[in-house]
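*Asks:* Got a structure for you, questions after.
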Amino acid sequence: MLDRVIYRAAVPKDAADQGEVFYHAVMQGAAGYYSLAQREAWVSALPREASAWAARQMFYPTLVAVCDRRCVGFVELDLEGERIETLYVWPSLNHRGVGSRLLDYAEVTMREEGVTRLGIEASLMLAPGLEKRGWQRLDEEWVERQGQRLTRVRLEKTLT
């Protein structure tokens, strides 16, 4: 199946799938790291509607992983902030290289834009994998969503 995954820049027709990938990555993928109340608060921060994700594509260059014409993962880039805004993969594809390939694609894109230090605020689920890929842990912080405290990890990577 992974041999059918292609990586490319997002287009508006990917937006509906992005909303679903986000929702399921948080609700299912992060289940072992955050409580149900925390995950529900997290997904409430961004709507599932395609129009919201299409609008985000205008603010954040978005790279997608597509299988059988469906978005199964994506990464949003904040060029001005020199950081990765989001990275989500369909839960059943976790630990199969989709997220790693999206990260590789993001790093190349950011390097081409002249970025030398790339940052991210990663979930407790994502942070250990990033550290294995050479990202440096700066600190832990939390963000509040609907009265729930969500811990996240600030990381940085030097792009050479």
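*Asks:* Which ³J(HN,Hα) values in Hz, rounded to whole numbers, follow from the phi angles of the range 145-151 under the Karplus curve 6.51 cos²θ - 1.76 cosθ + 1.60, where θ = phi - 60° and Gly and Pro get x?
*Replies:* 10, 6, x, 9, 8, 10, 6
*Asks:* I want to make sure I understand the PRE zone here: with the label point 7 angstrom from the Cα of R48 toward its beta carbon, which residues in the range 5-30 have backbone N atoms less than 18 Å away?
*Replies:* Residues 14-30 fall inside that zone.
*Asks:* While we're on this one: Are there any trypsin sites (Lys or Arg not before Pro) in the range 1-64 that are in a DSSP loop and have at most 16 other Cβ atoms within 10 Å? List them by number.
*Replies:* Working: sites: R4, R8, K13, R39, R48, R56; in loops: R48.
Sites meeting the loop and neighbour criteria: R48.
*Asks:* Hey, another quick one. Given a 1.4 angstrom probe, I'd like the percentage of the accessible area of the chain that is carbon and sulfur, rounded to a whole number. Present the calculation step by step, with values, prior to reporting the outcome.
*Replies:* Numbers: 4110 of 8410 Å².
That share works out to 49 percent.
*Asks:* At 7 Å along the Cα-to-beta-carbon direction for both L124 and E112, put a label point, then send me their distance in nm to one decimal.
*Replies:* 3.7 nm
*Asks:* Considering Cα pairs under 8 angstrom that are at least six residues apart, work out the relative contact order of the chain and quote it in whole percent.
*Replies:* Computed over the chain, the figure is 22 percent.
*Asks:* Classify the range 10-69: rounded, prolate or oblate, from the alpha-carbon gyration tensor (a ≥ b ≥ c, eigenvalue square roots; a/c under 1.5 rounded; otherwise prolate if a/b is larger than b/c)?
*Replies:* prolate
*Asks:* Quick check: pseudo-label points 7 Å beyond the Cα along Cα→Cβ at D104 and R70, how many nm apart are they?
*Replies:* Modelled inter-label distance: 2.4 nm.
*Asks:* Just to be sure I understand the model, the point goes 7 Å from the Cα along the line to the Cβ. What's the resulting R96 to D139 distance in nm?
*Replies:* If labels sit at R96 and D139, their model points lie 3.9 nm apart.
*Asks:* Here's a follow-up. How big is the equivalent ellipsoid of the range 16-150 along its three axes, where each semi-axis is √(5λ) from the Cα gyration tensor, reported in whole Å from largest to smallest?
*Replies:* After diagonalising the Cα gyration tensor, the semi-axes are 21, 19, 15 Å.
*Asks:* With every protein chain kept in place and ligands, DNA and RNA left out, what is the accessible area per residue of the range 1-123? Probe 1.4 Å, answer in Å². Kindly include the intermediate steps, with their values, before the conclusion.
*Replies:* Working: 6010 Å² over 123 residues.
It amounts to 49 Å² per residue over the range 1-123.
The values are calculated or read from the model by the stated rules, or taken from the named source; none is laboratory data. None of the values given here were measured: they were computed from a predicted structure. No Cβ is skipped: glycine too gets one built from the backbone with ideal geometry, and neighbour counts run over all protein chains shown. Quick note on the areas: whole protein, heavy atoms, side chains included, nothing else; ligands and nucleic acids left out. Shrake-Rupley method; radii C 1.70, N 1.55, O 1.52, S 1.80 Å.
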